[in-house]
């Protein structure tokens, strides 16, 4: 049953991303530890596995027969085991502060919260945000910032050490010299902090919002899937442990991932352009999905419909960001283009990880930019040529170029299984032949298939 293979492959890829993320975190904390190659290979392998899972139209896959039932049984037994890992992370969320005493795990979460507070006070965060005042109120420090290659870090080639970060932070926070070393303004479009306004006004932990977004996205994927396959979708989503683990660990990426998943799931409806607009108005990584989404929409509904939907999405982006653009166009532009215009350090868990941790000498940034652009062109060509034979491939091809980028943070990849499950849920898989599934021994964490199902 090819449908079960697709779901198992995505879940296994999510499990690989989970273990890669754990090793990645250990290495970032202890740079002398080995395992860089394991992280890079595991993420690359997960991407390849998901690409294979999305190849083809999926028509009638739920009723196909496999000649290796023992392999299906073993794969789903592993997925069930990993789904318990995912559930354990979800159940343990209220106790996460025992591992990390602050909910502000990175500057995306911290700066967005401070930006939302400024909006509630009638101020523009792109011009008025005080980094040191913000971090002082949140009781966090330099390890939750994005440093830049200038000022005291101008001569650093690789990411500054904790000691260098703390020294620069101490000086700048005391008003000694001007802050050139740390990103201080919001570096995302405005919806990234506008969505937080009710949460901040009520004094809630924003991480609960991010987890809620993930759960809603998972529920929508399951609702779109064929009824007889829903237990397998749910088990697979939980088994792709990277989804829950790194959302619970702290990630604002779900603010763009939820509307993007909705836009992909329901791209046959014109209103899907609205959630696409919200996604691109939340985080720049959603921009990479736009051309692939347009190819898919144009294939199904024609280029005129695709152009109209793009216009709606751009209108949503413009409306939500217009007040900040009107107030100070330069500050807003510098904010959302921070990754392009600021001298960022090489950082990430893609190929760049091999160069930043000593496996190979670091190359000029233009080399990685060229590789990223080349990969993007190849992915677009593949998506275009396979737009009828594999219409869901764009859900993962959009992220592939970032694997080669100067900055390829792990947060770019851990949500790939969510988008992949959304893509498979759209496929015309048909209904599962329960008697065959029972003979295969395909399991979920809820029940084995039954002939009476």
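Computed from the coordinates by the stated procedures, all read-outs in this text should not be read as laboratory data. Everything numeric in this text was worked out from a predicted model, so none of it was measured. All Cβ positions, glycine included, derive from the backbone under ideal geometry; neighbour counts span all protein chains shown.
Taking every pair of distinct Cα atoms and averaging 1/r, then inverting, what Kirkwood hydrodynamic radius in Å comes out for the chain?
22.9 Å is the Kirkwood radius here.
Round to the nearest 10 and give me the degree value, 0 to 90, for the angle of helix 254-265's Cα axis relative to the longest principal axis of the chain.
30 degrees
I need the P(r) histogram for segment 205-246: all alpha carbon pairs, bin width 5 Å from 0 out to the longest distance, whole percents.
Going out from 0 Å in 5 Å bins, segment 205-246 shows 5, 24, 28, 22, 13, 5, 2, 0 percent.
Each label point is 7 Å from the Cα along the Cα-to-Cβ direction; what then is the distance between the points at residue 219 and residue 312, in nm?
My value for the distance between the label points is 2.3 nm.
Whole angstrom only: what separates the Cα centroid of segment 255-292 from the Cα centroid of segment 148-169?
Centre-to-centre (Cα) distance: 36 Å.
Could you tell me the convex hull volume per residue, in Å³, taken over the Cα atoms of segment 158-236?
So the per-residue Cα hull volume is 204 Å³.
Please compute the contact order of segment 107-191 in relative form: average sequence separation of alpha-carbon pairs under 8 Å and at least six residues apart, divided by the residue count, as a percent.
This gives 36 percent for segment 107-191.
Per-residue counts of other Cβ atoms within 10 Å, averaged by peptide: what ranking do you get for 25-31, 82-88, highest first?
Going by the mean number of other Cβ atoms within 10 Å, highest first, we get 82-88, 25-31.
How high is the FRET efficiency from residue 431 to residue 73, r the C-beta distance, R0 22 Å, rounded to 0.05?
E between residue 431 and residue 73, to the nearest 0.05, is 0.55.
Using only alpha carbon positions, build the gyration tensor of segment 107-191, then give the equivalent ellipsoid semi-axes as the square roots of 5 times its eigenvalues, largest first, whole angstrom.
23, 13, 11
On C-alpha positions alone, give me the angle between the axis of helix 107-120 and the longest principal axis of the chain, in degrees, nearest 10.
70 degrees
Tell me what the chain gives for mean residue ellipticity at 222 nm when only DSSP H runs of n ≥ 4 count, each as -39,500 (n - 2.57), the sum divided by the residue total, rounded to 500 deg cm²/dmol.
Helix contribution divided over all residues of the chain: -18500 deg cm²/dmol.
Given R₀ = 45 Å, FRET efficiency for residue 205-residue 388 by Cβ-Cβ distance, to 0.05?
For R0 = 45 Å, the calculated efficiency reads 0.50.
Would you please give the FRET efficiency between residue 29 and residue 157, computed as 1/(1 + (r/R0)^6) with r the Cβ-Cβ distance and R0 = 22 Å, to the nearest 0.05?
0.60
Starting from the Cα of residue 41, step 7 Å along the direction of its Cβ; do the same at residue 328; then give the gap between the two resulting points in nm.
Between residue 41 and residue 328, the label points sit 4.9 nm apart.
Can you give the angle from 0 to 90° between the axis of helix 290-301 and the longest principal axis of the chain, with both taken from C-alpha atoms, to the nearest 10?
Approximately 30 degrees, to the nearest ten.
If you stretched the chain out fully between residue 269 and residue 304, how much longer would it get, using 0.36 nm times the residue separation minus the C-alpha to C-alpha distance?
Additional length available on full extension: 11.2 nm.
Just how far, in whole angstrom, is segment 1-40 from segment 387-427 if you go by their alpha carbon centroids?
15 Å
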